[in-house]
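Chemist: Starting off with a structure, shown below.
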Amino acid sequence: VGFNSQNSFGFSLLSSGSKANCTLVTDSENSFLIDAGLSCRRTEQRLLELGYAMEELAGIIITHEHSDHVAGLKTMIKKYRPDIFATHQTAERCDLLDYDNLCRFSAGEQIELGGFDVETFPVWHDAAEPVGMVVSKGESRLGYCTDTGKVCPRIESKLRGLSALVLEANHDLDLLDQAPYPERLKTRIAGEHGHLGNLDAAELLRVLARGDERLQFIIAAHISENSNTPVIALRELEQAWAASGGWKETSFFAATATAATPLFQIRSGLSLENRQEAAGPIDVEAGDNEAIADPKQRERA
Ligand SMILES: [Zn+2]
Ligand SMILES: [Zn+2]
């Protein structure tokens, strides 16, 4: 994959959902993972499909200690000894404090990973020290915000001026109500330290749309298989964006656990003058979004 400009980079959600989360961020020189929720073998496979290998990763940044974000970590460490970036308390919960290649940081700190700047921010989630982040290289900025019960003004301000946004759209409230979960779990999921529902995600997009944010990609992520579907999540987000006058060139996509998303390429240097021109064909093949409406997937979701 060619990233023709110094400031352009790409990302692919290798897996996203309540079962396993893992995202590749890459430019022409360096790559890293956000989270390691897929098994090591699955991660190797999905990286390979995109032309990447575990050996070439500059590191893995962990958002928090829940198993859907770290399930593959132990094996990866054994096999590859990668640099692991984690907050102090996440590292402690993952038993990483004695690991030689651990790079600890505090939620809210900015770190450098493989030539990328990663600005972390605390999120609202029932984990020890969970973070979201903005990955940037020059003018290109990718926001990553999942596993948070709400988007407070502080997080909202972090998610301004982005080129792309991976945003949790975990549940539909009606489907959550009907889901085969104990009441306590439903309350936890919908609570302030749980997961961001479609409505909350849509509300954030309304705010960003009204602020004339020019997002090239908005990816619905961490979609629950029991209390949401990719179709419903996408519909909510797209409608909110369009109804609030959101940029017409924004591409939407729903990430799932079934397969890696395409490698989305962020185009850098989208100034007001050249935005129109740059908003040409994207690197996602036409019809990819249709694939989500596949009835088999809908059944599973
Ligand atoms: Zn979590
Ligand atoms: Zn999670």
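Bear in mind that the values in this text are calculations on the coordinates, not laboratory data. Please read all numbers here as calculations on a predicted model, not as lab measurements. A quick note on method: Cβ atoms are made from the backbone with ideal geometry, for glycine too, and the neighbour counts reach across all protein chains shown.
Chemist: Using a ≥ b ≥ c from the Cα gyration tensor of the stretch 98-159 (square roots of the eigenvalues), is it rounded, prolate or oblate, where a/c under 1.5 gives rounded and otherwise the larger of a/b and b/c decides, a/b for prolate?
Modeler: Verdict is oblate for the stretch 98-159.
Chemist: How big is the dipole moment of the chain about its Cα centre under a simple scheme where the beta carbon of each Lys and Arg is +1, that of each Asp and Glu is -1, and everything else is neutral? Debye, nearest 20, please.
Modeler: Using Cβ point charges on Lys, Arg, Asp and Glu, the chain gives about 260 debye.
Chemist: Testing the spin-label approximation: label points 7 Å from Cα along Cα→Cβ at L48 and Y80. State their distance in nm.
Modeler: That separation, rounded to one decimal, is 1.3 nm.
Chemist: Right, another one. Taking the highest mean first, how do the peptides 111-122, 252-263, 176-187 order by number of other beta carbon atoms within 10 angstrom per residue?
Modeler: Highest to lowest by the protection proxy: 252-263, 111-122, 176-187.
Chemist: Gap in Å between the Cα centre of the stretch 62-108 and the Cα centre of the stretch 147-186?
Modeler: Using only Cα atoms, the two centres lie 24 Å from each other.
Chemist: With 10 Å bins from zero, work out the P(r) of the stretch 1-149 over every alpha carbon pair and list the percent per bin.
Modeler: Going out from 0 Å in 10 Å bins, the stretch 1-149 shows 12, 46, 36, 6, 0 percent.
Chemist: Next up: For the chain, with the dipole built from +1 on Lys and Arg beta-carbon atoms and -1 on Asp and Glu ones, taken about the Cα centre, which of I219, G245, S18 lies farthest toward the positive end?
Modeler: Result: S18, furthest along the dipole toward the positive end.
Chemist: What relative contact order, as a whole-number percentage, does the chain give when Cα pairs under 8 Å and 6 or more residues apart are counted?
Modeler: 18 percent
Chemist: Is the C-alpha gyration tensor of the chain telling us rounded, prolate or oblate? Criteria: a/c under 1.5 is rounded; beyond that, a/b larger than b/c is prolate, otherwise oblate.
Modeler: It comes out rounded by the Cα gyration axes.
Chemist: To continue, here is another question. Packing-wise, with mean Cβ within 10 Å as the measure, how do 65-76, 211-222 rank, highest first?
Modeler: 211-222, 65-76
Chemist: Could I ask something else about it? Relative contact order of the stretch 150-275: what whole-number percent is it, with Cα pairs under 8 angstrom and at least 6 residues apart?
Modeler: 30 percent
Chemist: For the chain, give me the percentage of DSSP beta bridges that are antiparallel, rounded to the nearest 5 percent.
Modeler: Here the share of antiparallel DSSP bridges comes out near 55 percent.
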